[in-house]
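Contents: one structure, followed by commentary.
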């Protein structure tokens, strides 16, 4: 992957070279192999390169042969060789960047519909003065922009935009509620005032007069109610699509490895990868936490032994959190949304010692219904027959009395208590309910920060589509990109190959949650490659033992950060509520790790990205002062 940045000055004045160098400078981790920029009056583009394909050439910014287009591109086009064969163009390189540029020359920005891969790019059409910003279908790669008066600035990461802003960055108060609802802010908004995130599957046109038009160019297809699938047909189709997706993701001129948690998704990817590679070695990487409740290293080793990989492990400890939290917050440009972000970074550090590209299993749960909540979707649908006030009161009363060990039951009860289906969909990953957020913030949520209810044929289908457009791009994929790029490692999730996604969302829900089994069709595919014990074991997830760490090694730091007089959380949110959460968790009878993590991550983000932003932008990761 790479880093891209640019400035469109609507007055037509020259873009300062120092500004382009400042933007590319803070993106050096995304592209350590090369950095360059180009400008002419009114426009400047910058690029940092992590060389993956056509290592010796494909320099950027790249100009078309006729001089009409200038391109900066982040990502990989997996089908670039096939596309190249269809294009009548005087190619000068052997890489995917020029194939994209040639497609723009011959077909315009609509050429994006032919791309298979993960990408974010900016293409400037010099004759018309139009700047095109495009993000891939699923949101694997990021793209941010800020329209401010006579200037539009864009970048792969927010820190690049802030590096050339006139003033210090500020918090968008309207997005605080969205963050407390899901530990991330849904596109197109961010926690930074004035900075917007281009949504997945969208492109933006910036006209010479400054008009910005954002259009969706892709969405997951609807289930075809007339299609008739047998079990065998569905499993065979998914098997073929998974193999094709993994094969496509192996396109590279550098070593490619894979994460291996021991779960179904990553294990299946590794097994298919090894078959495709034949006798060539495959490196796999796993993380452990030293807690038997959550440690999956044994399962990862079992899969590695079964498939035959060169396996590598890293162990994550509580001390890593104190050390890494500010640093990774700087890389994330947002609160570190999941404790597992730390482990993903340690994995990336380990993997980068052996490979330049790594495959991962993100997306399998959101495509095929892997979380336990999907099994409960029809039941949750039925609970709405009970009037919302009655349902909410009963659920809240029961939830408040549950012990910490019944965390999943507490989450389900919060979903039951939510008044509408949209609120229920949001609540599954919500650390705070709508009522709790109102108390914390002292006001009602901003209506335009709430995602709309998707259309779907049934409760499971709607839940999957909601997660595909929210939880996946705004949380999991953002994490994957930043934590891997922090180590200059390219991450590729084959499950999010758009052809596999389109197949998955065209299948009826009965093939995803079947006879009470979640992710049924993908598990049936996995049985063809993996031991039955791996396929049928209980889902654990990438868990970190924060509940105990918050009562031991991280306790004092947590209390200080959230109750100190200088605390952003303490001064912005309701102090009594915050202290109550700390005391409940301290008691040992309740597990408030999710909510405390949410508040702590917000505090560290404010320290690093707002309060110390000028220092962080100049020297890298900030520290608490």
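Below are the figures for this structure:
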quantity	calculated
Ranked 329, 518, 18, criterion: other C-beta atoms within 10 Å, fewest first	18, 518, 329
Pair residue 319, residue 559: separation of 7 Å Cα→Cβ label points (nm)	2.3 nm
Mean ellipticity per residue at 222 nm, deg cm²/dmol - from DSSP H runs of n ≥ 4 across the chain, formula -39500 (n - 2.57)	-12000 deg cm²/dmol
Fewest-first sequence of 77, 52, 610 by Cβ atoms within 10 Å of each Cβ	610, 52, 77
Distance in nm between pseudo-label sites at residue 227 and residue 214 (7 Å out along the Cβ direction from Cα)	2.9 nm
Computed Kirkwood radius, in angstrom, where 1/r is averaged over Cα pairs of the chain	25.0 Å
Segment residue 150-residue 18, extension gain: residue separation times 0.36 nm, minus the distance between their alpha carbons	45.7 nm
Debye-sum result for segment 87-190 in log10 I(q)/I(0), which assumes one identical scatterer on each alpha carbon, at q = 0.13, 0.20 Å⁻¹	-0.64, -1.16
Modelled FRET efficiency - R0 22 Å, residue 91 with residue 56, Cβ distances, 0.05 increments	0.90
Segment residue 400-residue 166, length gained on full extension (0.36 nm per residue, minus Cα span)	79.5 nm
Shape of segment 180-223, Cα gyration tensor, a/c cut at 1.5	oblate
Nearest-0.05 FRET efficiency for residue 379 and residue 533, computed from C-beta distance (R0 25 Å)	0.30
Geometric extent, Cα atoms of segment 290-438 - Rg, Dmax (angstrom)	19.6, 57
Linear extension gain, residue 33 paired with residue 583, 0.36 nm per residue minus alpha-carbon span	193.1 nm
Spacing of the two label points (7 Å from each Cα toward its C-beta) at residue 452 and residue 130, in nm	2.4 nm
Where N is the number of residues in segment 546-619, Cα Rg divided by 2.2 N^0.38 Å	1.16
Spatial separation of Cα centroids for segment 367-408 and segment 522-589, in angstrom	20 Å
Kirkwood hydrodynamic radius over Cα pairs of segment 375-458, then Stokes diffusion coefficient at 20 °C and 1.002 mPa s, in µm²/s	157 µm²/s
Order of 166, 265, 9 - criterion: other Cβ atoms within 10 Å of each residue's Cβ, fewest first	166, 9, 265
Rule-of-thumb Rg ratio for segment 2-216 [Cα; 2.2 N^0.38 Å; N residues]	0.98
The chain, relative contact order in percent, only Cα pairs under 8 angstrom and at least six apart counted	16 percent
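Since every read-out is calculated from the coordinates, none of them should be taken as a lab result. Values in this document were obtained by computation on a predicted structure and should not be read as measured data. We place every Cβ from the backbone using ideal geometry, glycine too, and count neighbours over all the protein chains shown.
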